[in-house]
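Enquirer: Structure below; questions to follow.
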Amino acid sequence: MPIKIKIDNVRKGFPTDKGHLDVIQNLDFEVADGEFVAIVGPSGCGKTTLMNIMAGFLAPDSGAVKVDGVPRLGPNRKGVLITQQGSVFPWLTVRQNLLFGLPDDLANREVLAEEYAALVGLKGFENNYPHELSGGMLKRCEIARALVVKPEILYMDEPFSALDALMSLRMQNELLRILAKEKHTVLLITHDVEEAIHLADRILVLSPRPTRIQKTFEVGIPHPRRVSSPEAQALRVDILRELGVSETI
Amino acid sequence: MKGLRNSWSSIVVAAVLVATWWLTVIYTNSFIFPTPKTVVEGTLELARDGSLWEHIGSSLMRVASGFGLAVLLAIPLGLWMGRVHGAFVTMNPIFQILRPISPIAWIPISILWFGVGNASAIYLIFIASVFPMIVQTTVGVHTIEKRFLRAANNFDVPRGKFFLQVVLPATLPQIITGMRIGLGVAWLVVVAAEMIALRSGLGYMIMDARNAGNRYDLVVAGMIIIGLIGLLLDGLMRLLENMKIVRWRYAH
């Protein structure tokens, strides 16, 4: 499959009181078109910085992020970012949020908004304001707002970590169901190894700061996956060991 | 139910205050300080001959003009200063110096510029209410959460849409707060402005009652009416907080 995203020798640091802090050091990897790549790493290793660079919100000190071979210079709707804290506009209704990213002169925008509200199970809530929705519904609204503009790439930065365990699992299944319908290239940052195994084609384990890729795991288990299966559990133990957590159970 | 209990206790306290006032006037045999009874009688007298309504009407007209002009200037200016960094660093120091100057200090200059009359009073009200509204609007823009601005940038929408669907609604709760503060000071200042030399308004009514035969019953009546109308105006501004588009701010 053709290469969709190329992270080309990206380097990033921040000035601090104690001098320059290297966060990302010469990072190189590629993501194929339609691939689902999960990135896990110890907390504070620069995962979110990396995601902000990939999504175009932050410029690297050197190196480049290339999408379809073109360096990415800023955010655009080819790739939409979904974060842990969420960013559904509280002053717009569900419908208005879904319409937000669609051009005003697009003929079927109302139809599209309705279709995607239904896709994430928000049919009947189109005229509700976000503060009238539950946490899970809010997440669905955010996913629908991202998908309705037909982005080629989804950047997900711990998208489900603010939800309870049950809702998180439910949202993972929803995401897989939607991705089976329409193919997107997905980059997922997570601290939840099981979530990564459940969703991703490939898992990159990052090292502590200054971060680089410590190891890559191909998941290779056909969907639908059972995280409790022996092969998934073996993979989980391997990844956790890589993260410095040796499990005896 | 809770609201009812709260207003009950307020009524009891107010009744105690009125009773204390009444008894004090009786026991001290004051000739000049009015009792609640004479205040009510004086108010009814003014209401009957119609002059009370004229005074209230003139004061409200001046507040509406001065405050209205201030809103028209402050909100666009505040939004502009909030969005454009250069505008903020240029204008903010100037407003920070002008803001703490009491509107009363502007009286000589407003008389010099606008003469003694309506325009002068309206100018004072404008000056008093414009700065808090500019500041509050600018703060509103500056405190828009970054995650919303980022999301808006992510969808690269045209500037007009970005402004109307993100910046303006995100700032609206702060704009309303600014308008409440602005209207409060506008009402505060109208009375002071009318005490100068105008021939109408509640401020004039108070000064006139004292000058024309020490009618302290009308002085106190004027004060109480000013307080009640102030409360009413704030209540009207609070209705804006019930608009659907700003409910998110107060919902939790």
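The values are calculated or read from the model by the stated rules, or taken from the named source; none is laboratory data. It should be emphasised that the depicted structure is a prediction, and the values quoted were computed from it without experimental measurement. Heads up, the Cβs are rebuilt from the backbone with ideal geometry, glycines too, and the neighbour counts pull from every protein chain shown. Accessible surface is based on the protein model in full, side chains and every heavy atom, while ligands, DNA and RNA are left aside. Shrake-Rupley method; radii C 1.70, N 1.55, O 1.52, S 1.80 Å.
Enquirer: Kindly list the number of the only condition in (1) open to solvent by less than 60 Å² (accessible area, probe 1.4 Å); (2) more than 30 Å from A:TYR116 (Cα to Cα) that fails for A:ILE197.
Expert: Here A:ILE197 clears every test but (2).
Enquirer: Out of A:VAL186, A:VAL111, which single residue is assigned to a helix (DSSP H, G or I) and either open to solvent by 10 Å² or more (accessible area, probe 1.4 Å) or under 24 Å from A:LEU27 (Cα atoms) (or both)?
Expert: Answer to the check: A:VAL111.
Enquirer: Being part of a helix (DSSP H, G or I) and either modelled with pLDDT under 90 or out of contact with any strand residue (DSSP E or B) (no Cβ under 7 Å at 6 or more places or on another chain) (or both) is the filter here, so list the residues in the stretch A:198-237 that pass it. Steps first, please.
Expert: Here is the first cut: in the stretch A:198-237, the residues part of a helix (DSSP H, G or I) are A:198-199, A:230-237.
Hits for the stretch A:198-237 are A:HIS198, A:PRO230, A:GLU231, A:ALA232, A:GLN233, A:ALA234, A:ARG236, A:VAL237.
Enquirer: Here are B:GLY184, B:GLY201, B:GLY160, B:GLY213: which of them is at positive phi and open to solvent by 20 Å² or more (accessible area, probe 1.4 Å)?
Expert: Result of the check over B:GLY184, B:GLY201, B:GLY160, B:GLY213: B:GLY213.
Enquirer: Kindly indicate whether B:ASN118 is closer than 22 Å to B:LEU172 by Cα and either open to solvent by 40 Å² or more (accessible area, probe 1.4 Å) or polar (S, T, N, Q) (or both).
Expert: In short, no.
Enquirer: Identify, from the list B:VAL246, B:VAL219, the residue that is in contact with a Lys or Arg (Cβ under 6 Å, 6 or more places away or on another chain) and either free of Cβ contacts under 8 Å to residues at least 12 places away in the same chain or in the same structural domain as B:PRO132 (by TED's automatic domain parsing) (or both).
Expert: Just one listed residue meets the conditions, B:VAL219.
Enquirer: Return a yes/no flag: does the stretch A:150-161 have any residue that is over 16 Å from the mean Cα position of the chain (by Cα) and either at pLDDT 95 or above or surrounded by fewer than 20 Cβ atoms within 10 Å (Cβ to Cβ) (or both).
Expert: No: the stretch A:150-161 contains no residue that is over 16 Å from the mean Cα position of the chain (by Cα) and either at pLDDT 95 or above or surrounded by fewer than 20 Cβ atoms within 10 Å (Cβ to Cβ) (or both).
Enquirer: Please work out if A:GLY69 is in contact with a Pro (Cβ under 7 Å, 6 or more places away or on another chain) and of a type in the set (Gly, Ala, Ser). Quick ask: steps written out before the conclusion?
Expert: On the way: in contact with a Pro (Cβ under 7 Å, 6 or more places away or on another chain): no; of a type in the set (Gly, Ala, Ser): yes.
For A:GLY69, the condition - in contact with a Pro (Cβ under 7 Å, 6 or more places away or on another chain) and of a type in the set (Gly, Ala, Ser) - is not met.
Enquirer: A further question follows. State yes or no: is B:ILE144 farther than 30 Å from A:ALA144 by Cα and within 14 Å of chain A (Cβ to nearest Cβ)?
Expert: The answer is no for B:ILE144.
Enquirer: I've got another one for you. If you scan the stretch A:110-146, which residues turn out to be in contact (Cβ under 8 Å) with a residue 40 or more places away in the chain and either within 23 Å of B:ASP156 (Cα to Cα) or within 14 Å of chain B (Cβ to nearest Cβ) (or both)?
Expert: A:PRO130, A:HIS131, A:LEU138, A:LYS139, A:CYS141, A:GLU142, A:ILE143, A:ALA144, A:ARG145, A:ALA146
Enquirer: Of all the residues that make up the stretch A:60-108, how many are outside any strand (DSSP E or B) and either of a type outside the set (A, V, I, L, M) or away from chain B (no Cβ under 14 Å) (or both)?
Expert: Pass one, the stretch A:60-108, residues outside any strand (DSSP E or B): A:60-61, A:68-69, A:72-78, A:84-108.
Among the residues that remain, those that are also either of a type outside the set (A, V, I, L, M) or away from chain B (no Cβ under 14 Å) (or both) are: A:60-61, A:68-69, A:72, A:74-78, A:84-87, A:89-91, A:93, A:95-97, A:100-101, A:103-105, A:107-108.
So the count comes out to 28.
Enquirer: Tally the residues that are under 21 Å from A:LEU154 (Cβ atoms) and either open to solvent by less than 50 Å² (accessible area, probe 1.4 Å) or not assigned by TED's automatic domain parsing to the domain that holds A:GLY244 (or both), restricting the search to the stretch A:25-57.
Expert: Counting residues in the stretch A:25-57 that are under 21 Å from A:LEU154 (Cβ atoms) and either open to solvent by less than 50 Å² (accessible area, probe 1.4 Å) or not assigned by TED's automatic domain parsing to the domain that holds A:GLY244 (or both) gives 23.
Enquirer: Give the stretch B:209-252 a look and list any residue that's among the β-branched types (Val, Ile, Thr) and either modelled with pLDDT under 85 or outside any helix (DSSP H, G or I) (or both), or say none.
Expert: So the first thing to find is which residues in the stretch B:209-252 are among the β-branched types (Val, Ile, Thr), and the list is B:219-220, B:224-226, B:229, B:245-246.
None - no residue of the stretch B:209-252 is among the β-branched types (Val, Ile, Thr) and either modelled with pLDDT under 85 or outside any helix (DSSP H, G or I) (or both), so the list stays empty.
Enquirer: Follow-up question, since we're still on this one. Open to solvent by less than 40 Å² (accessible area, probe 1.4 Å) and under 25 Å from B:ARG147 (Cα atoms): is that true of A:ASP164 in this structure?
Expert: So A:ASP164 fails the test.
Enquirer: Follow-up. If I ask for residues that are buried (at least 19 other Cβ atoms within 10 Å of the Cβ) and touching a Ser or Thr at 6+ places or on another chain (Cβ under 9 Å), which ones from the stretch A:1-22 would you list?
Expert: The answer is A:LYS4, A:ILE5, A:VAL10, A:LYS12.
Enquirer: Would you check which residues across the stretch B:52-74 are among the hydrophobic types (A, V, I, L, M, F, W, C), open to solvent by 10 Å² or more (accessible area, probe 1.4 Å) and within 16 Å of the chain's Cα centre (by Cα) and list them?
Expert: Those that are among the hydrophobic types (A, V, I, L, M, F, W, C), open to solvent by 10 Å² or more (accessible area, probe 1.4 Å) and within 16 Å of the chain's Cα centre (by Cα): B:ILE56, B:LEU60, B:MET61, B:ALA64, B:PHE67, B:LEU69, B:VAL71, B:LEU72.
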